[in-house]
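In what follows, a single structure is set out as C-alpha cells and then discussed.
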Amino acid sequence: MTEKKNKGRRSGAGRRENGTRNKRLEKLILNVVSSKNYDPMRVKDIAWLLNVPRMAEKDMHRAAEHLIDEGRIRRDSSGRLYRWTGNEGADVNGEKRSGYHASGRDATDLSLILEEFGIPAAFPDRVAQAADKMPSHLTDADYAGRLDLRNHLIITIDGDDSRDFDDAVSLEKQGSGYILGVHIADVSHYVADGSALDKEALKRGTSVYLPDWVIPMLPQKLSNGICSLNEGEDRLTLSVIITMDRDLNILRSRIVESVICSSHRMTYSRVDRIFEGDRELQAEYADIVPMLFEMKNVAAKMEELRHRRGMIDFDFPETRFELDENGHPVRMYPSYPTTATKLIEQFMLTANEVVARTYADRQLPFVYRNHGQPDSDRMEQTLAVLHEAGVAIQKKGYHITPLEVQQIISRAEGTPEEDFVSSLLLRSMQQARYGTECEGHFGLSAKYYCHFTSPIRRYPDLQIHRIIKDDLHGRLTGRRISYYRRILENVAWKSSALERRSVETEREADKVLMTEYIADHLGETTEAVITGVTGWGFYVQRPDTAEGLVPASSLHDDYYVFDDRTMTLKGRRHGRVFRPGQHVTVRTVRADVMRRIIDFELDEGKN
C-alpha cells in the first residue's frame, strides 16, 4: 500500500512538473512568434534557436499544438507558425496565399520550394527603386581617405558560374615572410543602416543558391554591379592586411578602408589547371602565376597548421547537376574540394579569425560565428557505433576534443568507411550559429571566429562591416555602442534562423532534382554505401550522391531487428547484419518527385 501511495505522489508531482514545463514552453513560443522581426518557422527551428534540449522537443511540439488548439497561433501547410491575427489565409505580410501546388505548375518547379519556405524571389518595389538609384561607377569623393591599392596585384578566384565577387586576395613576399591581403567588398558604403535595402537584407538574411538559380540577398544592381569586385573596375573594399613570418605566425594585422582594382577574374578550374601545369593558361596569366604558386604553398601550410591544432576537415562532396534547356537534370555528380577552393578557404578563415580576435580582445559589440562542444551523450553513441564498425577510437577525457575528432577521420581516410565516418561524426555535432559573445568554433578549433568575408550574400558580415567602419572613423562611442548592444542579439538569432531556412531550402531543391533524375533511371543497379540504419530500413548513397531508403519490408530473407545501441539491423534467424559504412549493391525501384522520396532494394544476386 505504501509503495502505491508513494508512486501516486510521484505521478502527481510529475504531472504538475510537466504542466509547468509546458506552460513555460508555450510562453517561449508565443514570445518568439509575437516578436517584431519574427519570420515564420517550424517548431523544430524555434527549438533550435532557443537551445531547447533534444529530449524536450516533443514537449515543444505538444506546447505548440495546445496553442494552435486554443487559437492563439496558427500553422500553415508547411508547418510554419504564425501569430493569430484573425485573418486566416493571409501570410505574414497580409497577402492572400493559394494552397501549395494549386497554381497548376509542375511539381518539380523549384519556385514551389521557395513558396514552401517563404523565400521571396522578387524584391519589393521600394527596394528595387532604391537599388536603381545606386551608381554604376565610383565618384571622386569615394576615394577620399582610403588606402589606394589599385597598383597592387589583386585577384578574385570564384566558381565558373559566379556573378557576384565579394572577396579578392593578394600575397606579397616581405623578406622571409609574407603580407596577405584579403579585400572584401564595402557593401555597407551603399547599404545604409535602417534603409529599405538594409531592412530587406535583414529579412532575407542570406542569398539562397538553388541549382542554376540564385535568390540574392541584395538586388543585382548591387550584388553583380557596384559592390562586386569585377575585373578591371575600381571598387571600394575593407581590407585585412596581415603580416606573417616564414612560419606564418601573425606579426601584426590591420583593417583599413581601401580601393582596389582586380587584375584578373580567376576561376577555381583555371587556377587548378595552372597548378596542374597547363602551359597555355600559365602563359595567359604569366603576371600572376608566381603569386598563385606562392599562395598555394602558403594556403597548404595554413591548412597543415590548422589540422595540427585540431581543425576538423569534413571533405564531403557537393551534389552538382547538369541541366538541359528546360531545367531537367540530365547528369548528377559529386564535386569535391580542390587546391584552388582550399586556397581561398584558408585565406578567408585567416581573415575571419583575425577580425574576430581584434574585436573580442577589445570587448566591443560584435557578431561572432560560434560552434559549440558536441553533446557528450550523443557523441558517445556515435563513438560506440564507429567502434562496432571497426573504427579505431581514442578519447582521453569526458568531452571529445576537435583534435581527437580529426584523428578519427584521418585514420579512416582512404578506406571504404571514410565518408560514413565523417558523416556520422558530422551528425553528432552542434550546428554553428551567430551570437554576440565570442564562444569559439569547435569545428575549426578556433578560439575566435566571425563571418566577415561575404557581405554581398550574408547579413552578419554586412552588420560587422558597419561596426568596423564606425570604429575606424571614431564613431564607436557611448551612444553607438549602446545602439549595437540593443540590436545585435536580434540580428544574431534572426540570421541563424534564416541561414537554417536557406540550408533546408537548398537541400530540398537538391532532393527535387535528385528524385527527378532518378525517376529517369528506374531499374538501374549500382554500388552504394549504407549511411544510416533505422527500425524501418537503412539509407544508402550511390556514387553519384543519390540517396534513398532500402525498406526493411523489402528484406524477405529474414526478420530484421534494429539495435539502437550499435545502429544495426540484424536478422533474427540467420544473423545477417546491415550497419553504417557497409557496401551493398542496390536497384532503384521508386522515385516520388512530389514527396521527394527515393526507394531502393537490394540486388540479392550481388550481395
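The values are calculated or read from the model by the stated rules, or taken from the named source; none is laboratory data. Source: prediction; values computed, not measured. With ideal geometry, Cβ positions are generated from the backbone for all residues, glycine too; neighbour counts draw on all protein chains shown.
For region 263-282, a residue qualifies if it is more than 28 Å from the chain's Cα centre (by Cα) and among the small types (Gly, Ala, Ser), and the qualifying residues are SER263, GLY277. Considering (1) farther than 20 Å from LEU180 by Cβ; (2) more than 24 Å from the chain's Cα centre (by Cα); (3) at pLDDT 95 or above, the lone condition that GLU294 does not fulfil carries the number (1). If you go through region 203-214 and keep only what is buried (at least 19 other Cβ atoms within 10 Å of the Cβ) and either among the β-branched types (Val, Ile, Thr) or assigned to a helix (DSSP H, G or I) (or both), you end up with ARG204, THR206, VAL208. Summed over region 268-297, the residues that are at positive phi and of a type in the set (Ser, Thr, Tyr) give a count of 0.
For region 314-336, name all the residues that are of a type in the set (Gly, Ala, Ser) and modelled with pLDDT under 90.
At the first step, the residues of region 314-336 found to be of a type in the set (Gly, Ala, Ser) are 327, 335.
Scanning region 314-336 gives a single hit, GLY327.
The set of residues in region 251-284 being surrounded by 18 or more Cβ atoms within 10 Å (Cβ to Cβ) and assigned to a loop (DSSP other than H, G, I, E, B) consists of SER263 alone.
Check region 574-590 and report whether any residue there is touching a helix residue (DSSP H, G or I) at 6+ places or on another chain (Cβ under 7 Å) and among the β-branched types (Val, Ile, Thr). Scanning region 574-590 turns up at least one residue that is touching a helix residue (DSSP H, G or I) at 6+ places or on another chain (Cβ under 7 Å) and among the β-branched types (Val, Ile, Thr). Within region 406-437, the set of residues being surrounded by fewer than 17 Cβ atoms within 10 Å (Cβ to Cβ), in contact (Cβ under 8 Å) with a residue 60 or more places away in the chain and acidic (Asp, Glu) comprises just one member, GLU437. Restricting region 306-359 to residues that are of a type in the set (D, E, K, R) and farther than 30 Å from LEU251 by Cα leaves a set whose member that is surrounded by the fewest Cβ atoms within 10 Å (Cβ to Cβ) is GLU325.
Only one entry of ARG590, ARG595, ARG576, ARG565 meets the criterion of being surrounded by fewer than 18 Cβ atoms within 10 Å (Cβ to Cβ), over 30 Å from LEU110 (Cβ atoms), within 30 Å of the chain's Cα centre (by Cα) and not assigned by TED's automatic domain parsing to the domain that holds PHE316, and that entry is ARG565. Residue pairs whose Cβ atoms lie under 7 Å apart, separated by 6 or more positions or on different chains, with the first residue in region 282-296 and among the acidic types (Asp, Glu) and the second surrounded by 13 or more Cβ atoms within 10 Å (Cβ to Cβ), are GLU294/LEU171. In the set (1) part of a strand (DSSP E or B); (2) over 30 Å from PRO290 (Cβ atoms), GLU200 fails one condition alone, (1).
Restricting ALA201, ALA196 to residues that are over 23 Å from the mean Cα position of the chain (by Cα), of a type in the set (Gly, Ala, Ser) and over 23 Å from ILE155 (Cβ atoms) narrows the list to ALA196. Here region 400-414 is the region considered, the condition is being assigned to a loop (DSSP other than H, G, I, E, B) and more than 16 Å from VAL385 (Cβ to Cβ), and the residue that is nearest to the chain's Cα centre (by Cα) is THR401. Screening the candidates GLU516, GLU524 for the property of being more than 29 Å from ALA389 (Cβ to Cβ), touching a residue at least 24 places away in the same chain (Cβ under 8 Å) and of a type in the set (Asp, Glu) yields one hit, GLU516. Against the list (1) aliphatic (A, V, I, L, M); (2) modelled with pLDDT of 95 or more; (3) out of contact with any Phe, Trp or Tyr (no Cβ under 7 Å at 6 or more places or on another chain), the condition ILE464 fails is (3). Taken over region 466-518, the residue count meeting the criterion of being farther than 21 Å from ASP45 by Cα, among the aliphatic types (A, V, I, L, M) and touching a helix residue (DSSP H, G or I) at 6+ places or on another chain (Cβ under 7 Å) is 3. When the residues of region 151-164 are narrowed to those that are at pLDDT 95 or above and surrounded by 15 or more Cβ atoms within 10 Å (Cβ to Cβ), which ends up farthest from the chain's Cα centre (by Cα)? Taking the candidates together, the pick is HIS152. Here LEU305 does not fit the description of being more than 27 Å from PRO211 (Cα to Cα) and not in a helix (DSSP H, G or I).
Being part of a helix (DSSP H, G or I), surrounded by fewer than 16 Cβ atoms within 10 Å (Cβ to Cβ) and not charged (D, E, K, R) is the filter here, so list the residues in region 360-377 that pass it.
If the condition is that a residue be part of a helix (DSSP H, G or I), surrounded by fewer than 16 Cβ atoms within 10 Å (Cβ to Cβ) and not charged (D, E, K, R), then SER376 is the only one that fits.
Given the criteria within 15 Å of ILE179 (Cβ to Cβ) and either small (Gly, Ala, Ser) or under 29 Å from the mean Cα position of the chain (by Cα) (or both), does SER239 qualify? In short, yes.
Determine whether ARG369 is in contact with a Phe, Trp or Tyr (Cβ under 8 Å, 6 or more places away or on another chain), touching a residue at least 60 places away in the same chain (Cβ under 8 Å), farther than 27 Å from GLN174 by Cα and charged (D, E, K, R). Criteria met by ARG369. Under the condition of being β-branched (Val, Ile, Thr) and under 23 Å from ARG433 (Cα atoms), the residues counted in region 473-520 number 5.
If I ask for residues that are assigned to a helix (DSSP H, G or I) and either surrounded by 14 or more Cβ atoms within 10 Å (Cβ to Cβ) or charged (D, E, K, R) (or both), which ones from region 470-482 would you list? Spell out how you get there, then give the answer.
Pass one, region 470-482, residues assigned to a helix (DSSP H, G or I): 470-472, 478-482.
Across region 470-482, the qualifying residues are ASP470, ASP471, LEU472, ARG479, ARG480, ILE481.
Just a yes or no: is a residue in region 378-387 part of a loop (DSSP other than H, G, I, E, B) and surrounded by 16 or more Cβ atoms within 10 Å (Cβ to Cβ)? No, there is no match, as no residue in region 378-387 is part of a loop (DSSP other than H, G, I, E, B) and surrounded by 16 or more Cβ atoms within 10 Å (Cβ to Cβ).
Consider region 216-240 and keep the residues that are polar (S, T, N, Q) and under 20 Å from PHE347 (Cα atoms). The one that is surrounded by the fewest Cβ atoms within 10 Å (Cβ to Cβ) is ASN230. Checking each residue in region 507-549 for being surrounded by fewer than 16 Cβ atoms within 10 Å (Cβ to Cβ), farther than 15 Å from HIS583 by Cβ and in contact with a Ser or Thr (Cβ under 9 Å, 6 or more places away or on another chain) picks out HIS521, LEU522, GLY523, GLU524, TRP536.
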